[in-house]
Amino acid sequence: MIVQQQSVELATATGPMHCQIIRPQIEGKFPCVFFYSEIFQITAPIERSAKILAGHGFVVVIPEVFHELNPIGTVLAYDDAGKDKGNQDKFSKPLEHHDSDTCAMLDYFTQQPYCSGHFGAMGVCIGGHLAYRAALNPRIEASFCLYATDIHSNTLPCQPGNDSLTKTPEIKGEISLIWGKQDPHVPTEGRQKIYQTLIDSKTNFTWHEFNAQHAFMRDEGDRFDPEIAHECYRMAVALFRRVL
């Protein structure tokens, strides 16, 4: 499908949040997928990924994940300065504020005439964690989480006992987790910890590990793996079409 793009600023519990909306040009009601970015926010590779997904018949919403900490429209560069600022933001924003962002998007897009009322989540890096986190909300029916950081290590700020791994039993929808075996940010023992938690929680999940590095989906930089990325898009579309 040919897609169209627009932006909106949503009111959240922690201030206005800028979102990019990419959706089919044709009239109709489509499932809505919240696409959570890396620490760099809405970069060109993130927009391209969202367009690929939207072209398969979804409304894709990309929020600025650190909207409280930056001027609207802030996009960090893929360099050391951008990485340092993004990581500073990551460790400054509590998970509870990400939760309220998700609730704000659910409330807004439930009312939009082009949304069917079915919601999913997808993300890369910290966005993979946020897609996992979004799955704690019972209105999120399916989540596709790519190399999700900081779940196993519980290094993101939150109230005691409110970390994402501890809250895993609250996931009611279906979740798919995708990893790179050569990803230093989520080592083997970390992936095993998450896997066992999902098993113990009787979560409805699928699990895939590829011989790939961190950020293998990003089509800029020397870690991009086009064939694996193509397979991941295929799996994501299949999950959302089946569940949503």
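Readers should treat all values here as calculations from the given coordinates under stated rules, not as data from a laboratory. These figures come from a predicted structure and were not determined experimentally. A quick note on method: Cβ atoms are made from the backbone with ideal geometry, for glycine too, and the neighbour counts reach across all protein chains shown.
Could you count how many residues in the stretch 50-60 are in contact (Cβ under 8 Å) with a residue 40 or more places away in the chain, in contact with a strand residue (DSSP E or B) (Cβ under 7 Å, 6 or more places away or on another chain) and more than 14 Å from PHE30 (Cα to Cα)?
1
Tally the residues that are more than 18 Å from the chain's Cα centre (by Cα) and closer than 17 Å to HIS98 by Cα, restricting the search to the stretch 109-156.
0
Please work out which residue is farthest from ASN154 (Cα to Cα), limiting yourself to the stretch 98-125 and to residues that are in contact with an Asp or Glu (Cβ under 7 Å, 6 or more places away or on another chain) and buried (at least 21 other Cβ atoms within 10 Å of the Cβ). Before you say what the answer is, go through the steps one by one.
Within the stretch 98-125, the first condition is being in contact with an Asp or Glu (Cβ under 7 Å, 6 or more places away or on another chain), and the residues that meet it are 118-120, 124-125.
Keeping just the survivors that are buried (at least 21 other Cβ atoms within 10 Å of the Cβ) gives 119-120, 124-125.
Details: PHE119: 26, GLY120: 24, VAL124: 17, CYS125: 14 Å.
The qualifying residue farthest from ASN154 (Cα to Cα) is PHE119.
Could you tell me whether any residue of the stretch 185-192 is closer than 24 Å to VAL243 by Cβ and acidic (Asp, Glu)?
Going residue by residue through the stretch 185-192, those that are closer than 24 Å to VAL243 by Cβ are 191.
Filter once more, so that each one left must be acidic (Asp, Glu): none.
No: the stretch 185-192 contains no residue that is closer than 24 Å to VAL243 by Cβ and acidic (Asp, Glu).
Do you know which residues across the stretch 121-144 are part of a helix (DSSP H, G or I) and out of contact with any Lys or Arg (no Cβ under 9 Å at 6 or more places or on another chain)?
Result: GLY127, GLY128, HIS129, LEU130, ALA131, TYR132, ALA134.
Show the residue pairs meeting these rules: Cβ distance below 7 Å; 6+ apart or different chains; first residue within the stretch 95-114 and hydrophobic (A, V, I, L, M, F, W, C); second residue assigned to a helix (DSSP H, G or I) and crowded, with 16+ Cβ neighbours inside 10 Å.
LEU95/ARG133
Would a scan of the stretch 71-94 turn up a residue that is surrounded by fewer than 19 Cβ atoms within 10 Å (Cβ to Cβ) and in contact with a strand residue (DSSP E or B) (Cβ under 8 Å, 6 or more places away or on another chain)?
Yes: one or more hits.
Of all the residues that make up the stretch 163-184, how many are outside any strand (DSSP E or B) and either over 17 Å from ALA131 (Cα atoms) or in contact (Cβ under 8 Å) with a residue 40 or more places away in the chain (or both)?
From the stretch 163-184, those outside any strand (DSSP E or B) are 163-173, 181-184; that's our starting set.
Now drop any that are not either over 17 Å from ALA131 (Cα atoms) or in contact (Cβ under 8 Å) with a residue 40 or more places away in the chain (or both), which leaves 163-164, 173, 181-184.
Here the count works out to 7.
Can you tell me which residue within the stretch 190-243, out of those that are in contact with a Cys (Cβ under 8 Å, 6 or more places away or on another chain) and of a type in the set (A, V, I, L, M, F, W, C), is surrounded by the most Cβ atoms within 10 Å (Cβ to Cβ)?
The residue in question is MET217.
Could you please find all residues in the stretch 211-244 being outside any helix (DSSP H, G or I) and not acidic (Asp, Glu)? Don't jump to the end; show me each part of the working.
The initial filter retains those residues of the stretch 211-244 that are outside any helix (DSSP H, G or I), namely 211-225, 244.
Matches in the stretch 211-244: ASN211, ALA212, GLN213, HIS214, ALA215, PHE216, MET217, ARG218, GLY221, ARG223, PHE224, LEU244.
Please work out if LEU10 is without any contact (Cβ under 8 Å) to a residue 40 or more places away in the chain, touching a helix residue (DSSP H, G or I) at 6+ places or on another chain (Cβ under 7 Å) and under 30 Å from GLY161 (Cβ atoms). Steps first, please.
Numbers: without any contact (Cβ under 8 Å) to a residue 40 or more places away in the chain: no; touching a helix residue (DSSP H, G or I) at 6+ places or on another chain (Cβ under 7 Å): yes; under 30 Å from GLY161 (Cβ atoms): yes.
Spelling it out, it is not the case that LEU10 is without any contact (Cβ under 8 Å) to a residue 40 or more places away in the chain, touching a helix residue (DSSP H, G or I) at 6+ places or on another chain (Cβ under 7 Å) and under 30 Å from GLY161 (Cβ atoms).
I'd like to check something: does the stretch 39-49 contain any residue that is farther than 18 Å from TYR147 by Cβ and surrounded by fewer than 15 Cβ atoms within 10 Å (Cβ to Cβ)? Steps first, answer last, please.
Let us first name the residues in the stretch 39-49 that are farther than 18 Å from TYR147 by Cβ, namely 42, 44, 47.
Those left that are additionally surrounded by fewer than 15 Cβ atoms within 10 Å (Cβ to Cβ): 44.
Yes, there is a match, as at least one residue in the stretch 39-49 is farther than 18 Å from TYR147 by Cβ and surrounded by fewer than 15 Cβ atoms within 10 Å (Cβ to Cβ).
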